[in-house]
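Novice: Below are the C-alpha cells for one structure; questions will follow.
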Amino acid sequence: MASLSVKPGQRFTVPDWQNNSLLISADAEQQRYNSHHIRQEGRALRNETGNQARWDEHNTRTRLNDRITSVDRWREALARCLTDIDLEIDALTKVKEAAENALQAKNLCLDVAIECLTFRESRRDIDVVRDPVEEELLREVKVIEKIKKELQQRVDEAFKQLCLLKEARQQLNCDHRHKVETLELDRQCVSFNVTSGNISFKVNPTRIPDGTTALREWELNSQCNKDRAEAEMRASVDLRGAITLSIAQTNNELDAQRIATEFALRKRIRDMEGALSELRWQEQNTLEEIAEMEEEIRQLEEDLRKRTLDLKVAHTRLETRTYRPHVELCRDQAQYGLTDEVQQLEGTIRALQQKRTESQDALDALYRQLHRIQTDIGYKTNSLQLDNKCMDTRRKLVIPVEKFEPEVDAVNRTRNLPRNSQLEL
C-alpha cells in the first residue's frame, strides 16, 4: 500500500496567508503613492529649474548685449578720437617742419647781414662812422636772431606737444585695442549655446581674476584717456596757430634764385617735352612700319605656301609622267615645260625664303629700335615727371608768408589767423 509523502518544513495558516497578501497590497499602494508624490515634485522642480535656467540665460544674454553696446559705443568714440588725433599729429608735424624750414632759411639772411657788417669794418679813417646803414644792419641782426630764437622755441614746443600727442594716442590706441578684444570675447560669449562644440567645465570659473576693476573705474579710465587726448589736441591747435602766426611774421624771400631756378626748370621741361614728342612720333612711325613689315612677312609666307603647292603639283606631274609606257615615255614639250616650271618655282621659293629672312631680320631690327625708343621714352617720361614734381614742390615758394597755412587742416580745426592788417599792427 502506497503512502503520501509530506514535504518537511514550516506550515502557515490561511490567516497568515491572507495577512501577507494584504500587507503586500498595502505596501504596493504606499510605494505607488510615494512614487507619484516624488514624480509630481520632480515635475514641479523640472519646470521651476527649467524656467529659472531660461530666464537666467535670457537675463545673462541681455546683460551681455547691453555690455557689448556700451563697450562698442566707447570703441566708436575712441576710434573717432584716434582719427582726430592722427590728423592733429600730421598737421602739427607739417607745421613743425614748416617752422624748421623757416628757421633754416633765416641763416642766409643772417649770414648776409653779418657779411655786410664785416665788409663795412674795412672802411678807413673818417669813413669809419656809425651811420644809419650800420645801425639798420645791427638792428637787422638783432631782429633775425630774435626771430630765430622765437622759431626755435616754437619748434621745441611743437616737439614737446608731438610727444604729448603721441603719448595720448598710445593710451587711446591701447584702450581701443582692449575694447576691440573685449567685444570679440563678449560676442563669442553671446554666440555660445548648449549645442556649441567648445563648451566644457572649467576650474573655479566664479573666481575674481587678479587686476579686476570696478565698472566706475573702467568708465573713468576711458573718459580720462579721451579727455586727455582732446585737451592735448586743443593745445596742439593753439600751438599750430601760434607757430603759423610766427612764420607769417617772418620774411623769407629768395625770389632771385627761385625765379632763376624755375626758369631753368621750365626750359628743361620744354626741352624734355620736345624730345618726348619727337620720340613718340618716331615710336608711332616705327609701330606703323612694324605693322606693314609684319603684313609683308605674312604675304611672303602666303606666297611661299602657294609656290610650294605649285611645286608639289609640278613634281607630281613629272613623277606621274614617268609611268608612261614604252615609246610614250618621251621628252616632249610638256616635259621640258614642267622641268622649266620646277626650276623656276625652286628659284622663286629660294628668293621668297631669302626675302622672308631679310624681312624678318628687318622686323627684328625694328623691334629692337622700338624697344630702344620706348626705353628712352620711359627714361624721359620719368625725368619729366620728376621735373614736374619739382615744380609742384617749388610751388610752395610762391605762397606769400603772410598767407601761409599748413597744407593739411585737420577737420577744419585750424584757428582763424589774424588778417594782414592785424599782422601789420
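Novice: Multiply the residue gap between Gln335 and Thr322 by 0.36 nm, knock off their C-alpha separation, and tell me the result in nm, one decimal place.
Specialist: Full extension of this stretch gives 3.7 nm more.
Novice: Can I ask one more? Kindly state, to the nearest 0.05, the FRET efficiency for Arg63 paired with Asp227, given R0 = 41 Å and r defined as their beta-carbon distance.
Specialist: 0.90
Novice: Please give the contour-minus-distance gain from Ala351 to Glu145: 0.36 nm per residue of separation, less the Cα-Cα distance, rounded to one decimal in nm.
Specialist: Extra length from Ala351 to Glu145 when fully extended: 65.4 nm.
Novice: Between Asp361 and Asp56, what is the label-point separation in nm under the 7 Å Cα-to-beta-carbon projection?
Specialist: Result: 9.6 nm between the two label points.
Novice: Taking only protein heavy atoms and a 1.4 Å probe, what accessible area per residue, in Å², does the range 285-339 have with all protein chains in place?
Specialist: Accessible surface, normalised per residue, equals 72 Å².
Novice: Where does the range 331-377 land on the Kirkwood hydrodynamic radius, alpha-carbon pairs, in angstrom?
Specialist: Over the range 331-377, the inverse of the mean reciprocal pair distance is 13.4 Å.
Novice: Residue separation times 0.36 nm, minus the C-alpha to C-alpha distance between Arg298 and Leu185: what's the value?
Specialist: Residue separation times 0.36 nm, minus the Cα-Cα distance, leaves 33.7 nm.
Novice: State in Å² the accessible area per residue of the range 135-216; use a 1.4 Å probe, count heavy atoms of protein chains only, and round to the nearest integer.
Specialist: 77 Å²
Novice: State the percentage of accessible surface on the range 1-101 attributable to carbon and sulfur atoms; use a 1.4 Å probe and exclude ligands, DNA and RNA.
Specialist: Carbon plus sulfur share of accessible area: 54 percent.
Novice: So for the range 26-97, what percent of the C-alpha to C-alpha distances run longer than 19 Å?
Specialist: 69 percent
Novice: DSSP loop trypsin sites (Lys or Arg not before Pro) in the range 167-212 with at most 13 other Cβ atoms within 10 Å of their Cβ, which ones?
Specialist: Listed in order of number, the matching sites are Lys202, Arg207.
Novice: If packing is taken as the average number of other Cβ atoms within 10 Å across a peptide's residues, how do 231-239, 156-164, 57-65, 23-31 rank, most packed first?
Specialist: 231-239, 156-164, 57-65, 23-31
Novice: Also: Computing the accessible area with a 1.4 Å probe over protein heavy atoms, can you report the carbon and sulfur percentage for the range 317-356?
Specialist: 53 percent
Novice: While we're here: Given a 1.4 Å probe and the protein chains all in place, what does the accessible area of Asp303 round to, in Å² to the nearest 10?
Specialist: Asp303 has an accessible surface of roughly 50 Å² with all protein chains in place.
Novice: What distance in nm separates the two pseudo spin-label positions at Cys174 and Arg368, each 7 Å out from Cα along the beta-carbon direction?
Specialist: So the label points at Cys174 and Arg368 sit 6.6 nm apart.
Novice: Given a 1.4 Å probe and the protein chains all in place, what does the accessible area of Leu165 round to, in Å² to the nearest 10?
Specialist: That residue has around 0 Å² of solvent-accessible surface.
The values are calculated or read from the model by the stated rules, or taken from the named source; none is laboratory data. If you're wondering where the values come from, they're calculated on a predicted model, not measured in any experiment. Glycine also receives a Cβ, built like all others from the backbone with ideal geometry; neighbour counts cover every protein chain displayed. Areas reflect the complete protein model, heavy atoms only, side chains present, ligands, DNA and RNA absent. Shrake-Rupley method; radii C 1.70, N 1.55, O 1.52, S 1.80 Å.
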